[in-house]
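Reviewing the structure listed below.
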Amino acid sequence: MDSSNSAPGPTEWNEGRHGVGPWAEEHPGEPVPDDARLDPELLASGDRRNVVDAYRYWRREAIVADIDTRRHPLHVAIENFENDANIGTVVRTANAFAVDTVHIVGRRRWNRRGAMVTDRYQHLMHHDTVADLMDWAAGADLTVVAVDNTPGSVPLETAELPRRCLLLFGQEGPGVTESARQAARMTCSIAQFGSTRSINVGVAAGIAMHAWVRRHADLSAAW
Ligand SMILES: C[S@@+](CC[C@H](N)C(=O)[O-])C[C@H]1O[C@@H](n2cnc3c(N)ncnc32)[C@H](O)[C@@H]1O
């Protein structure tokens, strides 16, 4: 969990557009519930964070702990050798689907703007190299599936994604590195029909994560 910085950051731009005001204004005359998950500061000043209504006024740690009770055995990794601006989008989608952990491979720094603060509720792990990621995945009993539209790839639309799965994505220019594709159990491609060589990696990650959700998630547990 990357929780080193709890001050509002650049990903908190859109805060204030939704949410609730102070408890006393939203629930006039009602006592504040005796619930350790609630944050006195949010109760006093309102909760404008980008969280679902069920988590209004909850402390961040309580929200993370609650998601932790039902995270999926799905992990996502993205190669970050050139500092890809799409990683924030991947993190946000991973958060929405209760992905266990997002793995950043290569550079530590990435642009958090697209994450829209969701990175604070998402487990993140850094690996210096693809080999480090593969070692970690083997130790965690996860099957690595690379996602790219390279020759020899299997159509995602008909592939059988493993339940304990780590989906690995490449970067805007080079795509998934050769070493990562070699180390993965298989590479899945998303069917395309137009002129572009590829789709945005953030979009590709959303499609692939949702393919896993369709196959393995308990849809009755969704919000
Ligand atoms: C923009 S693409 C990489 C460029 C691509 N290798 C090329 O030849 O232009 C960036 C990443 O998005 C994902 N991606 C994009 N389009 C995809 C597709 N049709 N199927 C699977 N993955 C895709 C992959 O993870 C890929 O590594």
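So which residues in segment 162-203 are within 14 Å of ASP84 (Cα to Cα) and within 7 Å of the ligand (Cβ to nearest atom), if there are any at all? Result: PHE169, GLY170, GLN171, GLU172, GLY173, PRO174, GLY175, VAL176, ASN200, VAL201. The lone criterion from (1) under 23 Å from ARG107 (Cβ atoms); (2) of a type in the set (D, E, K, R); (3) surrounded by fewer than 16 Cβ atoms within 10 Å (Cβ to Cβ) left unmet by ARG181 is number (3). Residues in segment 147-181 that are more than 17 Å from GLY202 (Cα to Cα) and touching a Phe, Trp or Tyr at 6+ places or on another chain (Cβ under 7 Å): LEU161, CYS165. Scanning segment 52-79 for residues that are surrounded by fewer than 20 Cβ atoms within 10 Å (Cβ to Cβ) and outside any helix (DSSP H, G or I) gives VAL52, ARG56, ARG59, THR69, ARG70, ARG71, PRO73. Residues in segment 45-64 that are over 27 Å from LEU161 (Cα atoms) and either of a type in the set (Val, Ile, Thr) or assigned by TED's automatic domain parsing to the domain that holds GLN171 (or both): VAL51, VAL52, ILE63. Please work out if VAL213 is within 21 Å of ASP100 (Cα to Cα), near the ligand (Cβ under 9 Å from one of its atoms) and touching a residue at least 12 places away in the same chain (Cβ under 8 Å). The answer is no for VAL213.
Here ASN149 clears all of (1) under 25 Å from SER198 (Cβ atoms); (2) away from the ligand (no atom under 16 Å from the Cβ); (3) of a type outside the set (Val, Ile, Thr) except the condition numbered (2). Evaluate the following for VAL154: is it surrounded by 11 or more Cβ atoms within 10 Å (Cβ to Cβ), more than 9 Å from the ligand (Cβ to nearest atom), free of Cβ contacts under 8 Å to residues at least 60 places away in the same chain and of a type in the set (A, V, I, L, M)? Spelling it out, VAL154 is indeed surrounded by 11 or more Cβ atoms within 10 Å (Cβ to Cβ), more than 9 Å from the ligand (Cβ to nearest atom), free of Cβ contacts under 8 Å to residues at least 60 places away in the same chain and of a type in the set (A, V, I, L, M).
Among the residues of this structure, ASP148 does not count as one that is under 19 Å from VAL105 (Cα atoms), at pLDDT 95 or above and surrounded by fewer than 18 Cβ atoms within 10 Å (Cβ to Cβ). Annotation note: of PRO174, PRO162, the sole residue that is without any contact (Cβ under 8 Å) to a residue 24 or more places away in the chain and in contact with a strand residue (DSSP E or B) (Cβ under 9 Å, 6 or more places away or on another chain) is PRO162.
What is the number of the single condition among (1) within 12 Å of the chain's Cα centre (by Cα); (2) in contact (Cβ under 8 Å) with a residue 40 or more places away in the chain; (3) closer than 21 Å to GLY175 by Cβ that LEU124 does not meet? Going through (1) within 12 Å of the chain's Cα centre (by Cα); (2) in contact (Cβ under 8 Å) with a residue 40 or more places away in the chain; (3) closer than 21 Å to GLY175 by Cβ one by one, LEU124 breaks only (3).
Yes or no: LEU161 in the same structural domain as ASN83 (by TED's automatic domain parsing), part of a loop (DSSP other than H, G, I, E, B) and touching a helix residue (DSSP H, G or I) at 6+ places or on another chain (Cβ under 8 Å)? The answer is yes for LEU161. Just one of the listed residues (THR89, THR93) is over 17 Å from LEU161 (Cβ atoms) and either outside the structural domain of HIS216 (by TED's automatic domain parsing) or not in a strand (DSSP E or B) (or both), namely THR89.
For segment 100-138, a residue qualifies if it is under 14 Å from VAL90 (Cβ atoms) and outside any strand (DSSP E or B), and the qualifying residues are TRP110, ASN111, ARG112, ARG113, GLY114, ALA115, MET116, THR118, ASP119, GLN122.
The values are calculated or read from the model by the stated rules, or taken from the named source; none is laboratory data. Note that the coordinates shown come from a computational prediction; the quantities given were computed from them, not determined experimentally. Neighbour counts are summed over all protein chains in view; Cβ atoms, including those assigned to glycine, are modelled from backbone coordinates with ideal geometry.
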